[in-house]
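The values are calculated or read from the model by the stated rules, or taken from the named source; none is laboratory data. The structure presented is a predicted model; accordingly, all values stated were derived computationally and were not measured. Backbone-built Cβ (ideal geometry, glycine too); neighbour counts: all protein chains shown.
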Amino acid sequence: MTETFYEVLRRQGITRRSFLKFCSLTASSLGLSAAAIPEIARALETKPRTPVLWLHGLECTCCSESFIRSAHPLTRDVVLSMLSLDYDDTLMAAAGDRAEAIIETVKEKYKGNYIVAVEGNPPLNEDGMFCIQGGRPFVEKLKETCADARAVIAWGSCASYGCVQAARPNPTRATPIKKIITNKPVIHVPGCPPIAEVMTGVVTYMLTFERIPELDRQGRPRMFYGQRIHDKCYRRGHFDAGQFVEQWDDDPARMGFCLYKMGCKGPTTYNACSSMRWNGGISWPVQSGHGCLGCSEDGFWDKGSFYDRVTGIHQFGIEASADEVGGAIAVGTGAAIAAHAAITALSRLRHSEPQNEKQGENA
């Protein structure tokens, strides 16, 4: 029988205290309240580890690189303890026929109870010959592996939407996973790459609660893709004040003003970058001085230059672009100055009237 996550941890010398701390960190990373900690602990103590088959299509392996750098929960805990990562041709030691045989073993032994994680996408032109694995097209391998899976996770924008491989004119017909696997739930975890903690958080949630997380209309987990990057960006105050970087390395750029005019796609991009950040919460692109590219949104690679500003965005429920916001503030400021000048002049006039009357009487 497959060991539970808790049994593996205890065998590795992990204390009960450390285990509960891990459950607390997991609940926090998933955006759950403290009330969920006992449920997570109970699930990890009693449920066997879930086999995962991690496939690679057309991609650059950046999703794997991101995943193994997760800090909370630690990837080594997720991969080596919570998951039974039986197949991953990037991380596994086995190769050739021995590696491919693992897929068949898992399919037979855990029919309907394993998860398929897919990084990259299948090309369909020339009968799939642009991506060959084990002597056959990847699209065939994908269909066969997913046939008896419980669910499919599409890692990154490549698997979720097609990404740069599907950019016009898309000569290989690189195709998103959801258009190939239509009879299984497909969870999209987009980004180029996705945030490490988002990836481990999605896996942890599915294994703990034995269900897929609530998804938005694009198939993304709402817990991580429910808010615009713009909503929690630390530069948002500058946007509202009409303070923008006008060109790279100008004084406003040095002062950390809003990057909207430099093409930042934060106002139209849904992701957790501005709240969770990258590299263990140290930084993220906007903090490094570059605008968001919108890499977690479908079709971002074919929407023109990354440095073209978004137009017609909403601010506090009012339709206004950043230029209009800044213009309105400038007009408001000018009106306030004019009003102040008028009031001051009127006040002086009123103060001078008694003096004039008094001078007239004396005369």
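Details
- Filter result (out of contact with any Asp or Glu (no Cβ under 6 Å at 6 or more places or on another chain) and either under 25 Å from residue 199 (Cα atoms) or in contact (Cβ under 8 Å) with a residue 60 or more places away in the chain (or both)) within region 113-132: 113, 114, 115, 116, 117, 118, 121, 122, 123, 130, 131
- Residues that are of a type in the set (D, E, K, R) and out of contact with any Asp or Glu (no Cβ under 6 Å at 6 or more places or on another chain) within region 213-243 comprise 214, 216, 217, 220, 228, 231, 232, 235, 236, 240, listed in sequence order.
- Failed criterion for residue 205 (all others in (1) assigned by TED's automatic domain parsing to the domain that holds residue 22; (2) outside any loop (DSSP other than H, G, I, E, B); (3) in contact with a strand residue (DSSP E or B) (Cβ under 7 Å, 6 or more places away or on another chain) hold): (3)
- Which listed residue, of 217, 277, is of a type in the set (Lys, Arg), closer than 20 Å to residue 69 by Cβ and surrounded by fewer than 20 Cβ atoms within 10 Å (Cβ to Cβ): 277
- Residue match in region 221-231 (condition: surrounded by fewer than 19 Cβ atoms within 10 Å (Cβ to Cβ) and either over 18 Å from the mean Cα position of the chain (by Cα) or touching a residue at least 60 places away in the same chain (Cβ under 8 Å) (or both)): yes
- Test: residue in region 233-245 that is within 28 Å of residue 33 (Cα to Cα), surrounded by fewer than 20 Cβ atoms within 10 Å (Cβ to Cβ) and not assigned by TED's automatic domain parsing to the domain that holds residue 158: yes
- Residue identified as surrounded by 12 or more Cβ atoms within 10 Å (Cβ to Cβ), at pLDDT 95 or above and among the charged types (D, E, K, R) among 100, 119: 119
- Scanning region 251-259 finds no residues that are of a type in the set (Asp, Glu) and touching a residue at least 12 places away in the same chain (Cβ under 8 Å).
- Number of the condition not met by residue 272 [criteria: (1) among the aliphatic types (A, V, I, L, M); (2) farther than 15 Å from residue 239 by Cβ; (3) surrounded by 14 or more Cβ atoms within 10 Å (Cβ to Cβ); (4) at pLDDT below 55]: (4)
- Long-range neighbours under 6 Å by Cβ, at least six apart or interchain, first residue modelled with pLDDT of 65 or more and assigned to a loop (DSSP other than H, G, I, E, B) within region 292-321, second surrounded by 15 or more Cβ atoms within 10 Å (Cβ to Cβ) and of a type in the set (Phe, Trp, Tyr): 293/306; 294/300; 298/161
- Beta carbons closer than 7 Å, at least 6 apart along the sequence or on distinct chains, pair a first residue in region 89-112 that is assigned by TED's automatic domain parsing to the domain that holds residue 144 with a second that is assigned to a loop (DSSP other than H, G, I, E, B) and basic (Lys, Arg) for 112/150.
- Residue 112 vs. criteria part of a loop (DSSP other than H, G, I, E, B), at pLDDT below 85 and on the phi > 0 side of the Ramachandran plot: no
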